[in-house]
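Heads up: the structure comes next, in structure tokens.
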Amino acid sequence: MKKVAKKAGKKEAGTAEIAEVVQLGLPGVVRQGLREVIFDQGMQVVLAMLEEERTAFCGPRNKQGPERRARRHGHADGELVLGGRLVSVRRPRARDEDGEITLPSWAAFSARDPLNERAVEQMIVGVSTRKYARSLEPVDQKLRTRGTSKSAVSRRFVAMTEARVKAWLERDLSAIDLAVLMIDGVYVEDHVMLVALGIDADGRKHVLGIREGATENATSCTALLADLQARGLRTDRSILAVLDGAKALAKAVRTIFGGRARIQRCQVHKTRNVIEQLPESMRTSVRRAMRQAYGSRNVKRAKKQLQNLARRLRDEHPGASSSLEEGLDETLTVMTFGLPQWLERTLSTTNAIENLIGSARDLGRRVKRWRNARMIVRWIATACIEAEKRFHRVRDHRGLRSLLAALRDGEHDHVAQEENAA
């Protein structure tokens, strides 16, 4: 009984002691802030880890032994990455016969890459370089910190994005089984950034590359496609090229892919071009008629409806009529393959790449002054890299295998016609 009472007494005493510590410590925690306490304890843990690693090399302090491979060499000033900034600390040192030993934990904690990644992430989510320091978690004011100034953050962002963009623009494309190609441009001041988006046979989207040019002309487009070809993209097989109707884009695609490229003109762009040449009173009805034709999923019916509409517009609105008739067959290309409904809708317009261009524009709006074309390339490429992380497979993607089969059957027919003509 005495032993039981003794144990019960110890337990009660222990509980009371814990309660007293919590009660006494809580005001201090509240005054300092939980985050500061965590940072402070984290720093203590890091320093303890470093000292433990030094002991593993040097053995226990003031003791000789066969396991001792090095000797202690005091402390030195150093910096660790903490919460998006550099924090000054006194790091333990150790030396052997070959010189100073780099402690593994120090090599990991002092790496600059996490700091660079943090700067890039903050810029992408909309934090300006001037407000970078305010966006970070506060640390103990007793710690000496640096690396949060506007210029320091800007340098890290430039260095990190340049390295990332360079690797991204040079990556190998040979593994992509391309089924669909889309090209569009985003204008930034006096420059146009051409962007190429690909959809592979499994329905996955890939930003293939970008190219800076003065205008959206055939020369710039051909240079973009030639670069993709040099990086391994197969151009000796048939594809469907979905374009906004610009003749320069179609010319460049045919230059690189030859007769293996089937052109699909964006139906949204075609509709917009037509109704912009009509009075307000007619736009709603004409837009409805064109959408009804494009939604019929029957090539002959759609073509007849659009031809009838062009004929009705010819006398009073010849400009709109001519716009509708120009390249009309190419707005119906995708209907000829008998694809699933959602896949046909996806490939009838350039909406997929328009969404990508929209992401690039949103990120570019955060820049107050464009210094040069190199800066434009870096920002637009960074926007494309970030957008690519959020890509999903296209709906009804299984129909892409049928599309490729139909394209390659048409390629054989095209080759046979050329041989017969020769």
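Read-outs throughout are calculated quantities, based only on the coordinates presented, and are distinct from any laboratory measurement. Model, not experiment: these values are computed from the prediction. Using ideal geometry, Cβ is built from the backbone for each residue, glycine included, and neighbour counts are taken over all protein chains shown.
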Backbone N under 13 Å from the Asn308 label point (7 Å along Cα→Cβ), restricted to segment 275-291 | 289-290
Residue separation between Arg272 and Lys247 times 0.36 nm, minus their alpha-carbon distance, gives in nm 7.3 nm
FRET efficiency (Arg365, Asp98; Cβ distance; R0 56 Å; to 0.05) is 0.55
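Val158 to Ala175: extension gain in nm, 0.36 nm per residue of separation minus the Cα-Cα distance?
Going from the current span to full extension adds 3.1 nm.
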Given a Förster distance of 25 Å, the FRET efficiency implied by the Cβ-Cβ spacing of Glu121 and Asn351, rounded to the nearest 0.05, works out to 0.35
In segment 177-202, which residues have a backbone nitrogen under 17 Å from the label point lying 7 Å from Glu388's Cα in the Cα-to-Cβ direction?
-> 177-184, 194-202
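I need the peptides 381-389, 288-296 ranked by packing, meaning the mean over residues of other C-beta atoms within 10 angstrom, with the highest value on top.
Numbers: 381-389: 18.8, 288-296: 16.8.
Top of the packing list down: 381-389, 288-296.
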Rg/Rh (Cα only; Kirkwood hydrodynamic radius) as it applies to segment 284-391 = 1.15
Between Pro340, Gly364, Thr350, whose Cα lies farthest towards the positive end of the dipole of segment 330-369 when Lys and Arg beta carbons carry +1 and Asp and Glu beta carbons carry -1, centred on the Cα centre?
-> Gly364
List, in the order given, every pair from Lys150/Lys389; Lys251/Lys300; Lys205/Lys389 whose Cα-Cα distance in the structure shown is over 22 Å.
-> Lys150/Lys389; Lys251/Lys300
Treating only Lys and Arg (+1) and Asp and Glu (-1) as charged, each at its beta carbon, one finds that segment 184-276 has a dipole about its Cα centre, in Debye to the nearest 20, of 540 debye
Can you sort Thr331, Thr219, Thr349 so the residue with the fewest Cβ neighbours within 10 Å comes first?
-> Thr219, Thr349, Thr331
Given unit charges at Cβ for Lys, Arg (+) and Asp, Glu (-), the dipole magnitude of segment 261-324 about its Cα centre in debye, nearest 20, is 500 debye
State, to one decimal in nm, how far the label point of Ser88 lies from the label point of Arg401, with both points 7 Å from Cα in the Cβ direction.
-> 6.5 nm
